[in-house]
Amino acid sequence: MPANRVMPTEEAADLIGLVRDLATRELAPRAAEAEATETFPRDVFAMLGKAGLLGLPYPEEYGGGGQPYEVYLQALEEIGAVWSSIGVGVSVHALSCFGLFTRGTEEQKQKFLPDMLGGDLLGAYCLSEPHAGSDPAAMTTRARRDGDDYVLTGAKAWTTHGGHADFYKVMARTGDGRNDISCFLVPATAEGLTSDAPERKMGLTGSTTTTMRLDGVRIPVERRLGEEGEGLKIALAGLDAGRLGIAAVATGLAQGALDQAVAYAKERTTFGKPIIDHQGLAFVLADMEAAVESARATYLAAARLKDQGLPYSMQASVAKLVATDNAMKVTTDAVQVLGGYGYTRDFPVERYMREAKVMQIFEGTNQIQRMVIGRALAATGVAGGTVTVAR
């Protein structure tokens, strides 16, 4: 990983250095085995919580780290560079806390956020449904008001941490209008909440993904976040931040693949010299480096807009699109650089390539990102934006 990035403060630089050290010492040695055995590493999230890394972008008064999003995302990139399942998991956990922080009452935040941000409670995010992946307003999961409770019935697909999370941020329909959707914080212990068997996935096998079933799940009204009918707004606002998280993890994954490819190209020799000295291969590595740097620049630009309280939805889509498409290309090229060895499980690049694919799909497919960007351009007629960053 490059150690010469510009950080907003010396404290931020020290923090990223600590995250890089922790990732190298604690995460990297465990990643390959956990992915091969499809083992969900719950203890890792507890460790990251105790280290203060699950709540970095949230205020200190609730147990968070009080860091700018720009810094949080770079910490996430460091984790993603050695173990993408954990990077994605941290991003999903942060997303599952977003609705509570932005729309919860002060009483709700004081009650739930400290344990969530401290790692004692691991979160999951339930928006998609089997028939309504890219169209969340078409969901059929329903929350019926019954006195001081809501009764939730339905199914939520593609739930990261499903079956292992301690709480689920669930979007459910509370009216008949297309956007009559509300947001609920459902504890894992709720009667009637169950998970299907984990999906058998191509990659990110250390991250459990399931369909969650809600069969008459009864929860008190105080576990609703925001007002009735605000759920879709909460979900979509959270996705903007979540897309930046995935962009950072994808950039880390690409950086990890590039590091492996460069190290191999320096050691492997043909025709009397390291293969990195052959122009054809050097050009491939140069394109990989350019792709990683470009991805990093896009997610940082969007994060700086967010940190200044400026609109960043389109830039988040740009970052997610660029970073994940680039990660797919870089990991594929890394396999090519390693040749036959790249196709074996003796080296991690084949796993990186499998892991990169899903990043073009979740948090909104890259086709959806292009729609978001196109609609933003049509609405404003302005391409791009200016980011002013105080140093």
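Every number in this text was worked out from the coordinates using simple rules, so none of it is lab data. Bear in mind the structure is a predicted one, so any value in this text is a computation, not a measurement. Note that each Cβ is placed from the backbone with ideal geometry, even for glycine, and that neighbours are counted across all protein chains shown.
List residues of segment 332-353, by number, whose backbone nitrogen lies under 12 Å from a label position 7 Å along Cα→C-beta of LYS273.
Hits in segment 332-353 for LYS273 at 12 Å: none.
Can you give me the long-range amide H partners of GLY162? Hydrogens built in the peptide plane at 1.01 Å from N, cutoff under 5 Å, separation of 5 or more residues or another chain.
THR210
Can you put VAL151, VAL330 in order of Cβ neighbours within 10 angstrom, beginning with the fewest? Each step should come with its number before you reach the end.
Working: VAL151 18, VAL330 31.
Fewest-to-most ranking of VAL151, VAL330: VAL151, VAL330.
For the chain, what is the convex hull (Cα atoms) projected area averaged across all directions, in square nanometres?
Working: hull surface 78.3 nm².
Convex hull of Cα atoms, orientation-averaged projection: 19.6 nm².
Nearest 5 is fine: what % of DSSP beta bridges in the chain come out antiparallel, could you say?
Beta bridges within the chain, antiparallel portion: roughly 85 percent.
Measure off 7 Å from each Cα along the Cα-to-Cβ vector at THR344 and ASP115, then give the distance between these two points in nanometres to one decimal.
4.9
Could you give log10 I(q)/I(0) at q = 0.18, 0.19, 0.23 Å⁻¹ for segment 123-230, computed by the Debye formula over C-alpha point scatterers of equal weight, without solvent?
Each listed q maps to, in turn, -0.81, -0.90, -1.27.
Please list, in order along segment 311-318, the HN-Hα scalar couplings obtained from phi with the Karplus expression 6.51 cos²θ - 1.76 cosθ + 1.60 (θ = phi - 60°), rounded to whole Hz, x for Gly and Pro.
Result, rounded to whole Hz: x, 9, 4, 5, 5, 5, 5, 4.
Note the full-extension length gain between ALA46 and ASP176 as 0.36 nm times their separation in residues minus their Cα-Cα distance, in nm to one decimal.
Taking 0.36 nm per residue and subtracting the Cα distance, the gain is 42.8 nm.
Would you mind ranking HIS131, HIS164 by Cβ crowding within 10 Å, fewest neighbours first?
Details: HIS131 11, HIS164 20.
With the sparsest Cβ surroundings first, the list reads HIS131, HIS164.
What FRET efficiency, computed as 1/(1 + (r/R0)^6) with R0 = 25 Å and r the Cβ-Cβ distance, is obtained for THR194 and ILE361, rounded to the nearest 0.05?
Once the sixth-power term is evaluated, E becomes 0.50.
Treat each spin label as a single point 7 Å out from the Cα along the C-beta direction, and report the ALA378 to ARG213 distance in nm.
4.1
Does anyone have the angle between helix 349-359 and the longest principal axis of the chain? Alpha-carbon axes, 0 to 90°, nearest 10?
Its long axis makes an angle of about 40 degrees.
So how do PHE167, PHE362 line up by other beta-carbon neighbours within 10 Å, fewest first?
Least to most surrounded, the residues fall as PHE362, PHE167.
Take the eigenvalues of the Cα gyration tensor for segment 311-384, scale each by 5, and report the square roots as semi-axes in whole Å, largest first.
Square roots of five times the eigenvalues give 33, 10, 8 Å.
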